[in-house]
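These notes are about the structure you will find just below.
The values are calculated or read from the model by the stated rules, or taken from the named source; none is laboratory data. Please read all numbers here as calculations on a predicted model, not as lab measurements. A quick note on method: Cβ atoms are made from the backbone with ideal geometry, for glycine too, and the neighbour counts reach across all protein chains shown. Surface accessibility is based on the protein's heavy atoms, side chains included, excluding ligands, DNA and RNA. Shrake-Rupley method; radii C 1.70, N 1.55, O 1.52, S 1.80 Å.
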Amino acid sequence: FQERLRYMLVLLLLLHGTDSFYVPGVAPINFHRNDPVEIKAVKLTSSRTQLPYEYYSLPFCQPSKITYKAENLGEVLRGDRIVNTPFQVSMNVEKKCEVLCNFPNKPVVLTVEQSKLIAERIREDYYVHLIADNLPVATRLEFYSNREEEEKKKEKDVQFEHGYRLGFMDGNKFYLHNHLSFILYYHREDVEESQEHTYRVVRFEVIPQSIKLEDLKADEKSMCTLPEATGSAPQEIDPTKENQLLFTYSVHWEESDIKWASRWDTYLTMSDVQIHWFSIINSVVVVFFLSGILSMIIIRTLRKDIANYNKEDDIEDTMEESGWKLVHGDVFRPPQYPMILSSLLGSGIQLFCMILIVIFVAMLGMLSPSSRGALMTTACFLFMFMGVFGGFFAGRLYRTLKGHRWKKGAFCTATLYPGVVFGICFVLNCFIWGKHSSGAVPFPTMVALLCMWFGISLPLVYLGYYFGFRKQPYDNPVRTNQIPRQIPEQRWYMNKFVGILMAGILPFGAMFIELFFIFSAIWENQFYYLFGFLFLVFIILVVSCSQISIVMVYFQLCAEDYRWWWRTFLVSGGSAFYVLIYAVFYFVNKLDIVEFIPSLLYFGYTALMVLSFWLLTGTIGFYAAYMFVRKIYAAVKID
C-alpha cells in the first residue's frame, strides 16, 4: 500500500508541473517603437443567451476595408469571426484621447433600430472580445478578500474578466461604454548595443468608460479631452429615439517583467487551484480505498467459489450447485441486437481513444488557449481517424456474437452515433441561424464536416471492421448450451434502474468537481487549461467504472441471470445519468438563462455530452466486465 501511495504522490507532483505549463501556440512577434500593433475583434458573447455575435453586428466604428481572418475549424465551430478594427495603436506610443470615427463636429448617429439593438444587447449582458497580437483583452477586477483588517489596507485581490462589458444598466436606463482606455504591457527584449530595441506585447487590459457626448471635448484634429472622473455623466442609449455619441479611445503603455512565454498566465490564473488539489486527492483516496476493498472481497469470494467448484469429490450428492457456475452454459449466449451493441461499443472505443489522446496532448501543453480553436479541431480530426480502431473492435465483437452481415454492421458503426450527433447539431444550428448568431455553423463548413465523415471516417471504420471481422473471434472458455436455461425470479435490487443508480455514484463522485470547471469553461466563457488534473480524473474514471462494472456483473451472475451483455453496457454508463442531473442543477443555480432558444441550446448540447459520456463509460465498463467473465470461467473446471 505504501508503494502505491508513493507512486501516486510522484504522479501528482508530475501533474502539478503540467497543469500550468504549455507550449505557446505561435511564434513571438517583435515590434520596434512606432510599429503598428493591430487590434482585432473576435466576437460578442453572453452567458445569458449563449449566442455569440460577430463584432460588426452592432453599429461600431468600421475601418475603410473590413477583412476577416481565415479561420480553422475549431474557431468556426466556436463562433469566432476575427475581423480588423479602426483602432490605431503603435508600439510604445501613448495616446491621451482620440475620436475613433467621424469628425468631432459630426458625432455618430444611431437610428432607433440600432439603439434598440444596443439596448437589448446591454440588457442581455454581452461582453466584447478584442485581441492585440493574439492576446485577448481583459478587464481588471480588484476586490478585498476576507482577510484580517490590517492586511486589507495593504493588498487587494486582482482577478481578470475576459473581454469588457458592452454597457451597463441603472434602473431602466441603458448606458454604453463608448470610451476604451487600453493599457498594453510590453517586455523589452535584450539586444546588442548597436541594435534598436525590440518589444513584445505581454498583456492587454482595458478600462471601459461611458462618457456623455457633451463631456467629451473634441477638437478638429480628432483629439479629445476626458472629463474629470467625478463630474462626468455616462452616455445613455434611449431605445425609443435616435442617439448621438462619440466612440473614443486612449492608449497607455507600461513596461513589464513578464516574459513572452508566460504572458498567458494572467488569463489562466485560477483562484481555486486549492479546490482542485483537494478534490483530486479526495477522489484518489476514495477510489483507491474502494478498489482495495472491492478487490479483496471479489478475490477472496472468487477464490472460495473456484476452490469449491473445482473440488472433485462427490459434491453433486452432498450439495446442490448454486451461484455463477450454474450459468456457464449460457453466459456467452449472444444477446439480442448484437449489431447495435457492437456498433455502440465501436463508437465508445472511438471516443475513448480520441479523449485519451486529446487530454494527453493538451496536458503536455500542445493545445494552449493561445492557438484558438486548436482543441476542437484536433478533437474532430482525431475522432475521424480513430474510426479505424472503433471499426476493428466492433467487427471483432460482432463476429464473436455470431454476426454475419459485416458490411451492414460497419455501416451501422460509422453512422449510428455520429448520425445522432449530426442530427441534434443540425436542428440546434437551424435555431442559431434564425437568431443570425455567429455561432451558427456556415453551410460550407457543414458540407466540409459531412465530407470528412463520409470521406475519412466511414472508409476507416469499414477498413477496421473488415480486419476485425476477419480476425479470430474472442476466445470464450466455455461452450454455450443448445437450450437456454430458465432465469429465476430476481430480487428488487437486481433491477436495471437500481443498478444504474448504484453504479453511477462512485465514478460521478470521483469527477464532479472537475465537471464544475468544465461547465464553467463551456457556458461562462472561462478558459479551461488544467489538463493535468483532467488527465488524472480521466484515469480515476476509467478505474472506478471498471471496478463497479465487475462488481455488478458478479452479483448478476451469482443471481443466475446470464443476460449481462446489454445490462453491463447500460449500468456502467450510470454516471451519465448523474451528469444529466448535475447539468439541470447547474442550469437552475448557476446560469441566468431565461429565454427559450438559449435553454434549448443548453439542453441540446448537454444531451450530446451525456450521450457521449454514457457511450464512453459504458464501453469501459463493458470491456472490463467481459475480461472478468472470461477470466473466472476459464479458472473453473467444467465437465
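Largest first and in whole Å, the equivalent-ellipsoid semi-axes of the chain read 58, 26, 23, each the square root of five times a Cα gyration tensor eigenvalue.
Taking the convex hull of the alpha carbon atoms in the stretch 212-306, what volume per residue do you get, in Å³?
Details: hull volume 29.5 nm³, N = 95.
Hull volume normalised by residue count: 310 Å³.
Take the Cα of residue 240, step 7 Å toward its Cβ, do the same at residue 489, and the gap between the two points is 7.4 nm. Residue 635 to residue 496: FRET efficiency via 1/(1 + (r/R0)^6), r the Cβ-Cβ distance, R0 25 Å, to the nearest 0.05? E(calc), rounded to 0.05, equals 0.35.
The mean accessible area for residues of the chain, using a 1.4 Å probe and ignoring ligands and nucleic acids, is 50 Å² per residue. Here the accessible area of the chain is 60 percent carbon and sulfur, with a 1.4 angstrom probe and all protein chains present. The residue list 426, 406, 386 was ranked by how far each Cα lies along the charge dipole of the stretch 358-478 toward its positive end, using unit charges on Cβ atoms, and 406 comes out on top. Accessible surface of residue 33, taken over heavy atoms with a 1.4 Å probe and every protein chain present, rounds to 120 Å². Taking Cα centre as origin and charging only the Cβ of basic (Lys, Arg, +1) and acidic (Asp, Glu, -1) residues, the dipole magnitude of the chain rounds to 2500 debye. Taking the longest Cα principal axis of the chain as reference, the axis of helix 531-558 is set at about 30 degrees. Counting every pair of alpha carbons in the stretch 153-246, the share spaced more than 23 Å apart comes to 49 percent. Legend note: in the chain, cysteines whose Cβ sits 4.7 Å or more from every other cysteine Cβ are 353, 380, 412, 425, 430, 451, 545, 558.
Here the Debye sum runs over all C-alpha atoms of the stretch 461-559 as equal scatterers in vacuum, and log10 of I(q)/I(0) at q = 0.19 Å⁻¹ comes out as -1.02.
Estimated from the Cβ-Cβ distance and a Förster radius of 51 angstrom, the FRET efficiency linking residue 405 and residue 588 is about 0.65.
Sorting 160, 533 by accessible area puts them as 160, 533; the probe is 1.4 Å, largest comes first, and only protein heavy atoms count.
The alpha carbon convex hull volume per residue for the stretch 306-457 rounds to 185 Å³. Helix 374-385 and the long axis of the chain differ in direction by around 30°, with both axes built from C-alpha atoms. Judged by the gyration tensor of its Cα atoms, with axes a ≥ b ≥ c, the stretch 380-522 is oblate; a/c meets the 1.5 cut and b/c is at least as large as a/b. A protection proxy built from the mean count of other Cβ atoms within 10 Å ranks the segments 410-416, 480-486, 535-541, 372-378, most packed first, as 410-416, 535-541, 372-378, 480-486.
May I ask you to compute the full-extension gain from residue 581 to residue 33, defined as 0.36 nm times their residue separation minus their alpha-carbon distance, rounded to one decimal in nm? Walk me through the numbers before you get to the answer.
Numbers: separation 548, 0.36 × 548 = 197.28 nm, distance 5.54 nm.
Computed gain between residue 581 and residue 33 is 191.7 nm.
On a full-extension model of 0.36 nm per residue, what is the gain between residue 123 and residue 192, subtracting their alpha-carbon distance, rounded to one decimal in nm?
Working: separation 69, 0.36 × 69 = 24.84 nm, distance 5.34 nm.
My answer for the length gained is 19.5 nm.
With 0.36 nm allotted per residue and the present C-alpha distance subtracted, the residue 169-residue 472 stretch has 102.2 nm of extension available. What would the Debye formula give as log10 I(q)/I(0) at q = 0.15 Å⁻¹ for the alpha-carbon point model of the stretch 514-639, no solvent? Summing over Cα pairs of the stretch 514-639 leads to -0.78. The label-point distance for residue 603 and residue 233, in a model that sets each label 7 Å from Cα toward Cβ, rounds to 4.6 nm.
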